[in-house]
Structures are given as structure tokens and as C-alpha cells.
Amino acid sequence: MEISFKNKRVLVTGAGQGIGRSIAIELWRAGAQVVAVSRTKSHLDSLHHEYPAIQIVSVDLGNWDAARKAIDQLGHFDALVNNAAVGLTEDFLTTTPENFDLLMNVNVKAMLNVSQVVAKKMIDAKKGGAIVNISSQASKAALWGHATYCASKGAVDALTRVMALELGPHNIRVNTVNPTVIMTEMGKLGWSDPAKAAGMLAKIPLGRFGEVSEVVNAVLFLLSDKASMINGVELPIDGGFLAC
């Protein structure tokens, strides 16, 4: 099944590294005009050096006004991937208000902000569109030491359902993907210890963690016209973790 994004403009947040970077690259390979957003300019410069056709924008999405201004100036998009997020581990009893605010601000509030700007322009253009929000299996299952992260991703899923409901009449589809541990460079650092990984792997029927390409493929499908009747879903990419 061939998926093409020819003549489509797509915005990808958190695109400097990891999953977001790979999504931006594969969208470009599929013909999209890609705008990659990240807070870290050095990551964007590296991406642009490798793929000069990908437009880069450096902005802190945690800053509501600055992010809103930067995204608004970029014009109309046909699709949006909300990938920018902060992850940290902190037990419930030791969770701090500072970290709670940080994760909610970036993982949820920034997603709302960017999506509002992009969706309003989609509505004005009357061409429909597609949005994919990157969530996590942590929105569906309790993970030890991830109190605030689980809460933030649960909020992402809930907000996505409301977006799907309210934007659907404008032919704008909104879905999430909910990956398990993905072996990005960060994922390898966090889960390369066999003792730590064993407990999680024991709960995944396929017996392994996910690869970046497996998330990217799902995101591109949901953004594409091949998924034209899929709206408001939360798609696990977890090897069966949530089925157990």
C-alpha cells in the first residue's frame, strides 16, 4: 500500500530527534512539505543539514505566546503531528509541583495550543485535515515511577477524543498512537539494563520493545487518506502489552 503526501504541508513538533525526527523524514520521503519544530536548534540544524528541503523552526512550545505566534506565522497545514513531550520518572509520593507543571505544560497544554492554531487554519481553508497526537501505553496502564507522565498522557488521550468530536464536522480527523517502550537513543539509555527491562518485556506478548519505524508507519497511515474513516482512536503500538 503506497502512501503519498504530495502537495501536503505537514507540521511535526518535537522533530529534532527520536521519533519526531524520523516522522519528519519519512513524511518528506512520502512527498510532504515538512516543517519541523523543536526547542533545541542544534538538533534542527542537524536535520536540515541532512534534509535541506525540511523547513525548521526553533521555539519553546512550553511558552504559550511565543509558540502560538511562531506556529501562526507558518500558514496553513494539511496535517499535524504533536510529538513534542517531556518524560521523567518520579514516584507518586515524591512527585513535585514543579515537575507536574512542566509535564502538563509541554505534554498537554502545548499540544492544545499548537492544535488550536493549526485546526483553525484548517477550518478556514475548508479542506479538512488530520492530526496525530503521540501518546503512550502509560495513558492506559500504571507504570511504577511514572505518576505525572501517566497523568499527562491520559490527558492527551482525553483531549484527543474531544478534538475528534468537535473537529470531525470540519472533516478534521484526530487520533493518537500509544507506543510501548521504543528503542530511540533515549529509550536505549533508559531500558538497556536487562534487570530493568525484564519486567516490562515479560508483559509484552511479542517479547520485545518497539522500533521507531513501527511508530512512524502507524502515524503516516493515520495521517493519510487510507485512514479516512478513522477518527478518535487510541492505537496501541505495544506488542500486546495492553491485551494482557
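The values are calculated or read from the model by the stated rules, or taken from the named source; none is laboratory data. Because the structure is predicted, anything quoted here is derived from the model rather than measured. Here the Cβ is made from the backbone with ideal geometry for all residues, glycine too, and neighbour counts use every protein chain on show.
Checking each residue in region 138-151 for being out of contact with any Phe, Trp or Tyr (no Cβ under 7 Å at 6 or more places or on another chain), assigned to a helix (DSSP H, G or I) and within 19 Å of ILE19 (Cβ to Cβ) picks out SER139, TYR149, CYS150. One residue stands out among those in region 152-178 that are over 16 Å from the mean Cα position of the chain (by Cα) and not in a strand (DSSP E or B): the one that is surrounded by the most Cβ atoms within 10 Å (Cβ to Cβ), which is LEU167. Would you confirm whether any residue within region 74-84 is within 26 Å of GLY154 (Cβ to Cβ), among the small types (Gly, Ala, Ser) and not in a helix (DSSP H, G or I)? Yes - at least one qualifying residue is present in region 74-84.
When ALA151, ALA147, ALA141, ALA119 are checked against the criterion of being in contact (Cβ under 8 Å) with a residue 60 or more places away in the chain and touching a Leu at 6+ places or on another chain (Cβ under 9 Å), ALA141 stands alone in meeting it. So, in region 171-203, how many residues would count as being more than 30 Å from SER228 (Cα to Cα) and touching a Phe, Trp or Tyr at 6+ places or on another chain (Cβ under 8 Å)? Adding up the residues that qualify gives 6. Given the criteria basic (Lys, Arg), under 18 Å from ASN83 (Cβ atoms) and at pLDDT 95 or above, does ARG173 qualify? Answer is yes for this residue. Quick one: in region 10-38, of everything that is among the charged types (D, E, K, R) and surrounded by 19 or more Cβ atoms within 10 Å (Cβ to Cβ), which residue is farthest from VAL86 (Cα to Cα)? It comes out as GLU26. From the list LEU93, LEU102, which one is part of a helix (DSSP H, G or I), of a type in the set (A, V, I, L, M, F, W, C), out of contact with any helix residue (DSSP H, G or I) (no Cβ under 6 Å at 6 or more places or on another chain) and surrounded by fewer than 16 Cβ atoms within 10 Å (Cβ to Cβ)? None of the others qualify; the one that does is LEU93.
Restricting the search to region 183-207, which residues are more than 17 Å from SER22 (Cβ to Cβ), modelled with pLDDT under 95 and assigned to a loop (DSSP other than H, G, I, E, B)? If the condition is that a residue be more than 17 Å from SER22 (Cβ to Cβ), modelled with pLDDT under 95 and assigned to a loop (DSSP other than H, G, I, E, B), then SER192, ASP193 are the ones that fit. None of ALA125, ALA67 is buried (at least 18 other Cβ atoms within 10 Å of the Cβ) and in contact (Cβ under 8 Å) with a residue 40 or more places away in the chain except ALA67. Given the criterion more than 11 Å from VAL132 (Cα to Cα) and surrounded by fewer than 19 Cβ atoms within 10 Å (Cβ to Cβ), identify the matching residue among GLY239, GLY232, GLY207. Just one listed residue meets the conditions, GLY207.
Taking the condition of being among the basic types (Lys, Arg), over 14 Å from the mean Cα position of the chain (by Cα) and not in a strand (DSSP E or B), how many residues in region 7-55 meet it?
4
Screening ASP91, ASP78 for residues that are among the acidic types (Asp, Glu) and farther than 22 Å from ASP225 by Cα leaves exactly one candidate, ASP91.
Looking at region 46-72, which of its residues are over 17 Å from VAL106 (Cβ atoms) and among the hydrophobic types (A, V, I, L, M, F, W, C)?
Within region 46-72, LEU47, ALA53, ILE54, ILE56 meet the criteria.
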